[in-house]
There are 2 protein chains.
Amino acid sequence: MSRFYSDTVKNISPYVPGEQPKDRRFIKLNTNENPYPASPSVIEAMRSVTGLEARLYPDPEAAALRRTLADHYGLAMNQVFVGNGSDEVLAMAYPAFFNRTDTIAFPDITYSFYPVYAALYEIPSLVIPLAEDFIIDFKEYPENLKGFLLANPNAPTGIAVTAKTVEALLRQRPNTLLIVDEAYIDFGGESVVSLVPRYDNLLVIQTMSKARSLAGLRVGMAFGAPELIRGLESIRDSFNSYTLDVVAQRAAKAAYEDVAYFEKTRQAIMATRERTVAALEALGMHVCPSSANFVFCTLPGVAGVLVQQYLRDNGVLVRRFAMERIKDWLRITVGLDEEMDEVIRLLQLFVQQKG
Amino acid sequence: MSRFYSDTVKNISPYVPGEQPKDRRFIKLNTNENPYPASPSVIEAMRSVTGLEARLYPDPEAAALRRTLADHYGLAMNQVFVGNGSDEVLAMAYPAFFNRTDTIAFPDITYSFYPVYAALYEIPSLVIPLAEDFIIDFKEYPENLKGFLLANPNAPTGIAVTAKTVEALLRQRPNTLLIVDEAYIDFGGESVVSLVPRYDNLLVIQTMSKARSLAGLRVGMAFGAPELIRGLESIRDSFNSYTLDVVAQRAAKAAYEDVAYFEKTRQAIMATRERTVAALEALGMHVCPSSANFVFCTLPGVAGVLVQQYLRDNGVLVRRFAMERIKDWLRITVGLDEEMDEVIRLLQLFVQQKG
């Protein structure tokens, strides 16, 4: 403990990301990465950056990328914000919109970075338990919230709500800023980006790390009313003027332009997921209905830590969260077909040995 | 103004970076970029990133890069932190080490992001005027400071203090965290990185944007006692788990490995600077003694805004700061020899027309 630590450092418990193993080769199904490589046109775009471009600061406005995103979603450029991963975008949204006297809410089981940001910025937060079946009961959320964090689909459950449900929330709570985190939206959920022009209390956050196979490049986006985007820009420009480097800007633009590759890979992942869910259920596992590139599942009567360790011993990394309610559940990323075949084979063996 | 803005957004005045022109071609001497391209081995390293690597999250520890930096400076890996540009590293240092009840100090004329961070995090700051000749008078700084921000060389003056002066400060003020911002250190200053193992109240911040020609890739570093580094990591991991993308990590490592290119280009820049300073002084300009890759100069009796506009009209961008004390001074980045020849030629014409 350094005598120079601030109270913030003394009091926070940082987010713990999934393991990125360096030594042993695992089937890596623990951080919801896309099993397919970035599109060839993305790699080509990355390699087009010259030494003379690398010496210059990148465009702080990321205009070319934001133009592409705006056109893709039918928005204006001033409704689009980009950052160094959706985590950074979220980390800027909290101080942009919430005071230390406000209350924000999110479910007990959701992306575990939400309470970390709240602690970092000292924003009081109301943590509301999901219903028994991991469904969000919106009636449980008070009316007077300043902010509502909604991961859709939710993580780590994979359960989505409809766009109609989100729109009803926006109407019922005009004074609540609804932040819809659509990190996994492209695997079967209904995006509400198209509602951005109609609701000034909506901020939609997305990422290129999942459906665009670009976790390594760190690109996240926010879509919202121009005034909300200006709020994010104001925090960004008080923190780091140039958060997206020249390579990431170019790669991200190319990723959105290669629609065919995006469609092909996301459809493949959804097909693999459906097949995986059926196989896990055939083994007697409970599986949440997933609209994401992962499945959240449990083997009744068996401690999750045992299943996780068994898979790890056999070369497969999956994610488990220490929280009491879900400690026996595993979050398994949807990988390649052959990777999921191996997971299913291992779990079959495990169930047989138990039986 | 959105009804969702936080008090923070309402109260801050973001940093304004130098213009990055998109349309017209300028001789761009306004943001202290390196005139030489990134090293060929850096570009090769960037291009080695594959589509399968881009799909995976980058190493959150940036271990390979930190190993290279540690070896380069004779430090241990746990004395090295990396971030998305030195601006981000600074933006994490404030909340890591300073409370809203602490006092930090910096000069009136220095890197203009320091007061912006202080406003963002609501850290009370003591702004102490430089002496008449833009020298820092350390006796003016109270003893009981929690933090002291020292840009060495200072920006935008380019004036450096010796390592001996810095070490005296560290000894005299063991309870003050001294943050030495060495963004421009490789152009003639004396780095205090070698003091890191001996002083736990020293945090040295550097960047790859200047002497390593990598402004476009956004890589900054901090060097300090392991406990200070852990404080930075704690904030980073509560903000964004993976701030440095896979391409930036690989490029930065290659940049530090190509020592010959670094030496050649920084020597060339220093030689061009000396020649430029002599020519500007021959024109009757006052020029601060620069240990950086820019010169800070003024033409006595002429408004700075006129000279800046004249240069702009003739295709040269330079930086000027609106602050009263230095409003007639220009900060001119040291570019290629032929670029500086053009600046000198234009200023000669300007002086002749005035005379």
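Just so you know, all these numbers are worked out from the coordinates, no wet-lab data involved. Just so it is clear, the structure is predicted and the values come from calculations on it, not from any experiment. Backbone-built Cβ (ideal geometry, glycine too); neighbour counts: all protein chains shown.
What to note about this one:
- Each Cα pair under 8 Å and six or more residues apart adds its separation to the average, and for segment B:40-259 the resulting relative contact order is 30 percent.
- Other copies of B:Glu281: label-to-label distances in nm, shortest first, labels 7 Å along the beta-carbon direction: 8.2
- Of all DSSP bridge pairs formed entirely within segment B:40-259, close to 40 percent run antiparallel.
- Rough spin-label spacing in nm, given labels placed 7 Å along Cα→Cβ, for A:Thr101 and B:Ala282: 6.4 nm
- Other-copy label distances relative to A:Gln348, 7 angstrom Cα-Cβ extension, nm: 8.4
- Measuring between their Cα centroids, segment B:158-237 and segment A:46-87 lie 31 Å from each other.
- Net charge dipole size for chain B [Lys, Arg +1 and Asp, Glu -1 on Cβ; Debye, nearest 20]: 500 debye
- Order of A:Arg275, A:Arg266 - criterion: other Cβ atoms within 10 Å of each residue's Cβ, fewest first: A:Arg275, A:Arg266
- Listed by chain and number, the aspartates and glutamates placed with their C-alpha closer than 15 angstrom to that of B:Lys146 are A:Asp7, B:Asp102, B:Glu122, B:Asp200; residues fewer than eight positions away on the same chain are left out.
- Using only side-chain charges placed at the Cβ, +1 for Lys and Arg and -1 for Asp and Glu, the dipole size of segment B:1-152 relative to its Cα centre rounds to 600 debye.
- Helical segments meeting 20 Å axial Cα length and Kyte-Doolittle -1.0 threshold in chain A (DSSP H): A:259-282, A:337-354
- Förster radius 45 Å - calculated FRET efficiency between A:Glu44 and A:Arg345, Cβ distance, rounded to 0.05: 0.75
- Sum of side-chain charges, B:Arg266 neighbourhood, beta-carbon under 11 Å (Lys, Arg +1; Asp, Glu -1): +2
- Here the residues B:Met92, A:Met46, B:Met323, B:Met1, ranked from fewest to most Cβ neighbours within 10 Å of their Cβ, fall in the order B:Met1, B:Met323, A:Met46, B:Met92.
- Between this copy and the others, label points of A:Arg100 are 0.2 nm apart in ascending order, each placed 7 angstrom from Cα in the Cβ direction.
- Top positive-direction residue, dipole computed over the protein assembly as shown with Cβ charges, set B:Pro289, A:Pro14, B:Tyr141: B:Pro289
- Distance histogram for the protein assembly as shown (every C-alpha pair counted, 10 angstrom bins, percent rounded to whole numbers): 3, 15, 24, 25, 18, 9, 4, 1, 0, 0
- Taking a straight Cα-Cα cut-off under 19 Å and skipping sequence neighbours fewer than 8 places away in the same chain, the lysines within cross-link reach of A:Lys139 are A:Lys164.
- Across segment A:24-128, Cα-Cα pairs farther apart than 22 Å form 57% of the total.
- Exercise: per-residue mean of other protein chain Cβ atoms within 10 Å, B:244-253: 5
- Neighbouring partner chain Cβ atoms per residue of A:204-212, average, 10 Å criterion: 1
- Neighbour-count ranking [beta-carbon atoms within 10 angstrom, fewest first] of A:Glu33, B:Glu227: B:Glu227, A:Glu33
- Selection among A:Leu150, B:Gly220, B:Val89 by position relative to the dipole of the protein assembly as shown gives B:Gly220 as farthest towards the positive end (Cβ unit charges, Cα centre).
- One equal scatterer on each Cα of segment B:40-259, no solvent, Debye formula: the resulting log10 I(q)/I(0) at q = 0.09 Å⁻¹ is -0.35.
- Among the residues of B:214-224, the average count of other protein chain beta-carbon atoms within 10 Å of the residue beta-carbon is 5.
- Cross-link partners of A:Lys264 among lysines (Cα-Cα below 22 Å; sequence separation of 8 or more within a chain): A:Lys28, A:Lys210, A:Lys253
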